[in-house]
Amino acid sequence: MPEGSLPARFEAWFASRGWAPRPHQIELLRIVGDGRSALLVAPTGAGKTLAGFLPSLVALSERAPSRKPRGLHTLYISPLKALAVDIARNLEAPIAEMGLPIRVETRTGDTPSHKRTRQIERPPDILLTTPEQLALLIAHREASDLFANLSCVVLDELHALVTSKRGDLLSLGLARLHRLSPNLTAIGLSATVREPDDLRRYLVPQTRPPSPLWGGVGGGGGAEEVAPYSEPPPPLTLPTRGREPVPAMADLVVVKGGAAPDLHLLDTGLTLPLAGHTASQAMPAIYDLIQAHRTVLVFVNTRLQAEYTFQELWRINEASLPIALHHGSLDASQRRRVEAAMAAGQLRAIVCTATLDLGIDWGDVDLVVNIGAPKGASRIMQRIGRANHRMDEPSKAYLVPGNRFEILECQAALDAVEAAAQDTPDARLGAPDVLAQHVLGMACADAFDPLQLYDEIVSAAPYATLSWEDFEAVVDYVATGGYALRAYERFAKILRGPDGLWRVRDARIAQQYRMNVGTIVESAKVKVRLARGVRGKPGAILPKGGRVLGEIEEDFADTLTPGDTFLFAGEVLRFEGLSEDEALATRAGPGTDPAIPSYAGAKFPLSTFLAARVRALIADPFEWDRLPKQVADYLLLQRQRSILPGPEGLLVETFPRGGRHYLTAFPFEGRLAHQTLGMLLTRRMERARLRPLGFAANDYGIAVWMTRDVSEAIAREPGFLAELFAQDMLGDDLEAWLDESSMMKRTFRQCAVIAGLIERRHPGQKKTGRQVTMSTDLVYDVLRKHQPDHLLLRAARQDAATGLLDVARLGVMLRRIQGRITHKALDRVSPLSVSVMLEIGREKVYGEGADEILAEAEAQLLEEALG
Amino acid sequence: MTRPFPELEDAILALGQKLERTIKTPGLTLAGEALTLDLCGGLWLAAHRTLIVSDLHLEKGSAFAARSGQFLPPYDTRETLACLHEAVARFDPACVVALGDSFHDARGPERMEPGDRAMIAALQEGRDWVWIAGNHDHAVSEGVGGRYAETLALGGLTLRHEPAPDAPNGEIAGHLHPCGKVAMRGRAVRRRCFVTDGKRLVMPAFGAYAGGLNVRNPAFDPLFPAGFTAHLLGDGRVFAIGKAMLARD
C-alpha cells in the first residue's frame, strides 16, 4: 500500500458513513507515515480529532496479532478531563464498526487506583489523558518501560495549552517522551493561531541553546556566592530570546477556514451607558434571540456578569424557557448536570464564562451571544466556533456591547474577524518554578545525570534558551531550597550519589511530589452553605442543614462582614458568618440589591491588537460612519470639548471637579497594565507633592485625583508630564511598589506552590492551627529582604511581567508614547474622561493604605467612648 | 569601632528609618505600671527599663525543613533578631524578657547559624536577659546565654508565657499570637496586636514567621469576659480598636 492512502476497510468505513476522507486527513497520514511530526491547524468542524487519530488507527490495524502485551502505542493529551472522556467515547464507534483490535482507555484524576495500576502493568493501545497525568506517568518508576514503544502522541487544543504554565509542564513531558521513544511522532491539533511556527517548534526536540534564559544573577549554587542581603535586588529585566539557530519544526498542515462566520453587533437602538459591563438594556433583545433559536450559548467575561445576566434573563423569562448557568464557582455536580442537560438537548440557553470556551462538541448550538467587550480577536473566534460544529456552515453570533466604549471594541473585533486576524499570545519562556517541579519528578522516576537531563530539557521549545547556570540553580533549589545560607543540606530532597547521579531522598518526598503535581493553583476557597433562619428570631441562624451552593475565594470571603449582601448562584445572598471552613449565608429578601461586587470587573484585559484597532478607529473620523450614531456623536463631542487621542500617542487631560483635581490618561493597554501604571503614577505624584488621593482604572484609561492643582503644575514646569510618564518608573518605583503589592505576593504564592516550597491545600483538608499556618506573605517579605535574587522571586517577577501586573505591556506603552504626550487642561470633565470617572466607586479604589482603614476603625472606638 | 554584623546594621538602619515615622507610641497602665506599646510588637516598661518581647519562634524555618522537608527561607531567625536589635538599640534596656516560645522547638538552638548565635550574645552584653519558659521551648538547651525562669514578677506585674484565666490583675502573657482584623468597604486589614482589658495584657508574637490567631477566636473569651481593646500594629503607628470593630476570620 502506498504511504498516505487509506487501507480498504477504512475506505469502506468512510463510505458506509457517506463520507470521503478529507485531504488534510490523508496528508497527516502521509507525514506521520514518513515518521515526521505535524501541526494540523483547522477550524472547528473540520474533523481535526479524527485526523489526529487516523495514523494511529491505521498503524494499529495493520499490526500482526500478538498475545504478548505490546506497550502503549498512542498517547492523547487534552486540556480538559471531560474532553478526554468524550473523545474516548467518539473513538469507540469507528473501532467497533471496523472491528479493529484496539484497546482505548482514559486516565484522569477520577480513574480508580486499581485501574491505574493495571494501566501500567497492561497498558492499552491508546491512552487518553491530561498534562498533569502525563507528568505523573513520566515520574513513575516504570515510565521507561511504559513509553519505550510509544509511537505517537496527539496534543489536542494545543493553542490553548501552550499559553500557560501547563504548556511549560507539557513541553517538559514531551521532551521526556521523545527521549524514552526516539522514533516518536507528535501531532498537534490547533485552532488558527497568529504564529503557527511557535507550535511547530513546540512539537519537536530543539537544538542547542545559545544564551541564558532568565535575566539577572545566575545564582550558580556555590555556597561562597552569598549575596549580602542589604544589596538592592536586581532590576526586573524582561528576558530576551537569544539568537536562535534554525530550530527544528514539525510539518504544517493548514485547513483553510470554512464558511465565514455570520457575525453581528446587537443594536437595540437604545443609548448605551458610558461605563459598566452589564448590558442590562440588551436583555429583552437577547431573550428574543433565545426564543428564536434552538440552543444559545451566552458568553460573558466574569462570574459576576454571569450571575447578573442569568438573573435578568429569568426575570423576563415569561415562557419559562430552560435557561441554565455555568461558571467556575458553581458546585462541580451542578455544572455536570448542566452539561448533561445541554448534551441531551434539554436547554435553550446557557449563560457561561470561559469555562465553556473549550470542550465537548454540542452539535445543537445554533447561536453564540457574547456579552461585553470581546477583549481579544482569537478569543472571540474560539467562542463563535462553539456555534455549529460543521465547518461548511457559517457559525452565527452576536456581540453585545455593555457600554459605548465596548461598541468600539466590538467593532474592532468584527473587523478583525473579517480580516481573519489573530492575536494569540507569543510563545512563552518556560517558567523556572515549573522546571523545579519537573526536576523533582524526574528524580522520582529514576536517578538522573544532570548533563543528560539538561540536554533533554533544552530540547523543549519553551526551555530552549535555558543556560546551564540557571539549570544548576534549579537543581540546587530542588535539593536544598537554593538559599545563600546552606542551612538545609542535612534535609535535602534530592541527593547526589558518588556516581554523580541525583536521586530522590525517600518515598515520602516522592509521595509529596505526587500530591503537588500540576501548575493550576486554585486560590483557596470556602464553601457557601445556605443556612436557615430561626423562626421568630431575626438575625439568628441554624449553622447546619442547608445545601452547599458552591465556592467563593477565601480572599473575597475575608472582606465580608455579616449582613453584607452579594450575588451568588443566581440569587442575592446575605452573609451570616463563617463556620469552620464554610461561609454561611441566607437568602436575602426579594428586591434586595447586592451590596458587594463579588468579582472584579473584566477578567481578561483588552488585547494589544484590539487596543491598537480601537485607537485607530477613534483617531480616524472617516471610520466613524461605520459606527452607531451614538458613538460617533460621542466622539464628535470629545473632539469639540477636548481632543481625540491619536493612534500612537497618549492623551492626558486635567480638570478640577468637586474641590479636587483630576488627571486622566488613555493608554488603551488593558486594566492590569493600567492598575500597575496607576500605582506607579500615584507614587511619583506623591513625590511631586500633588497629594494624590486615589485612582481608578478600566481597560482604556485611568483617572487619578488629588488635592493640588495638577493643571497648574504642568503649565508651570515644562517637561513635567514627560517626567511623570518617563520609562524609568519601571525601575526603582516598580521595585518599591512590588515590596507591598498584594498581587506580587499572590503571584509569589503560586510559584511557591508549583515549585513545592509550600504544599497545596487539598479539598476537604482543614486549615491547620496557628502554630503551623505559614503565611506565604511572611515568607515573601523575609526572602525578598535577605535573598532578592532567589529562584522563586525571579519566577514571580517573570510572571509579573506578563501576568497580573502586565509590566511588559506597560513598558512597551511607555516607550511608544515618549515625546508623544498630548496634554489638554480643561475646566470640566471631557466626554472621554467620563467613562473612566464612572469607574470610581464601582471598582475598588486604590491608594487607600492599611493605616487609613485602621484609623477609621480607631475613630469608631473614640465615638463609642464619647457616645 | 568594629562592625561585627555590617549587613545586619544596614537592615537595622532601614528599620529605624521606617520607625521614625512613628507619630507617638500609646501608653496604658496595668496594675499601676505604665506600659508603652511599641510598633515593633515589644512592650517597654520605662520605670523598670525593661523590654518584653514574646514568641520569637526562632528557627521556625529550619524546624519545617527538619520535620516536613519544606524549605522555607532560613532567614527568619536573622530577621527576628534584626528587629530585636533595633528595639534594643532604641530603648537601651537594662533587662530584656523573652516571654516564652523563644525557640520554635527545643532543638532550635542547635540548628542556629553561628552568626545568629553571636548576635544574641552581643544583644545580651551588659544587660540582664531572661528567657521565660514556653510550651515550645520548655527545656531550652544551653549555649544561648541569659537566665531561665518559669514566671517573673516585676512591680505589680506577673510575666508568664501562657495566660492563666484565673490570674490576678497585672498579668502579661503571650502564647496566643493575637491578630486583629478590620474589614471595611471591600478591604480587609489583618495585623498583629496587643490585647488588653486593663487587667491583663496579651502580647503579639514577635517572630518573623509566627502566624496569628484572630482575637475574636473563642480562645480569648475566658481571658477577657468583659471585652477588650486591641492595639493593632499598623504601618506607621499602633491603632487602638474596640472589640466591636474587629471582624472574625
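The values are calculated or read from the model by the stated rules, or taken from the named source; none is laboratory data. Just so you know, these numbers come straight off a predicted model, no measurement behind them. We place every Cβ from the backbone using ideal geometry, glycine too, and count neighbours over all the protein chains shown.
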Scan A:637, A:610 and give me the residue that is surrounded by fewer than 17 Cβ atoms within 10 Å (Cβ to Cβ), part of a helix (DSSP H, G or I) and modelled with pLDDT of 75 or more.
A:637
Residue tally, condition at pLDDT 75 or above and farther than 12 Å from residue B:248 by Cβ, over the range A:573-596:
7
Please indicate, with yes or no, whether at least one residue in the range A:136-152 is buried (at least 22 other Cβ atoms within 10 Å of the Cβ), under 23 Å from the mean Cα position of the chain (by Cα) and among the β-branched types (Val, Ile, Thr).
no
Please go through the range A:706-751 and give me each residue that is among the β-branched types (Val, Ile, Thr) and within 30 Å of residue A:168 (Cβ to Cβ), ordered by number.
A:747
Search the range A:77-98 for residues that are of a type in the set (Ser, Thr, Tyr) and pair each with any residue that is at pLDDT 90 or above when their beta-carbon atoms are under 6 Å apart and the residues are at least 6 apart or on different chains.
A:78/A:156
Just checking, does the range B:193-212 include any residue being assigned to a strand (DSSP E or B), at the interface with chain A (Cβ under 9 Å from one of its Cβ atoms) and either free of Cβ contacts under 8 Å to residues at least 40 places away in the same chain or not acidic (Asp, Glu) (or both)?
no
Looking at this structure, is residue B:160 more than 21 Å from residue B:177 (Cα to Cα) and not small (Gly, Ala, Ser)?
no
Evaluate the following for residue A:212: is it touching a Phe, Trp or Tyr at 6+ places or on another chain (Cβ under 8 Å), at pLDDT below 50 and either surrounded by fewer than 21 Cβ atoms within 10 Å (Cβ to Cβ) or small (Gly, Ala, Ser) (or both)?
no
Please note which strands (runs of 3 or more DSSP E) are completely contained in the range B:36-127 and include at least 1 residues that are in contact (Cβ under 8 Å) with a residue 60 or more places away in the chain, small (Gly, Ala, Ser) and closer than 30 Å to residue A:751 by Cβ.
none
Selection status of residue B:90, among the basic types (Lys, Arg) and more than 9 Å from chain A (Cβ to nearest Cβ):
yes
Can you say whether residue A:495 is crowded, with 20+ Cβ neighbours inside 10 Å, touching a residue at least 12 places away in the same chain (Cβ under 8 Å) and more than 9 Å from chain B (Cβ to nearest Cβ), as far as the supplied structure shows?
no
Among what's in the range B:235-247 and is in a loop (DSSP other than H, G, I, E, B) and within 12 Å of residue A:857 (Cα to Cα), pick the residue that is nearest to the other protein chains (Cβ to nearest Cβ).
B:247
Identify, by number, the condition in (1) farther than 25 Å from residue A:306 by Cα; (2) modelled with pLDDT under 70 that residue A:616 doesn't meet.
(2)
Across the range A:17-38, what is the total count of residues that are assigned to a helix (DSSP H, G or I) and either without any contact (Cβ under 8 Å) to a residue 24 or more places away in the chain or loosely packed, with under 11 Cβ neighbours inside 10 Å (or both)?
2
The range A:39-48, residues that are within 17 Å of residue A:252 (Cβ to Cβ) and in a loop (DSSP other than H, G, I, E, B)
A:42, A:43, A:46
Out of (1) modelled with pLDDT under 80; (2) away from chain B (no Cβ under 14 Å), what's the single condition that is false for residue A:812?
(1)
Can you tell me which residue within the range B:57-72, out of those that are of a type in the set (Gly, Ala, Ser) and within 14 Å of residue A:505 (Cα to Cα), is farthest from the other protein chains (Cβ to nearest Cβ)?
B:68
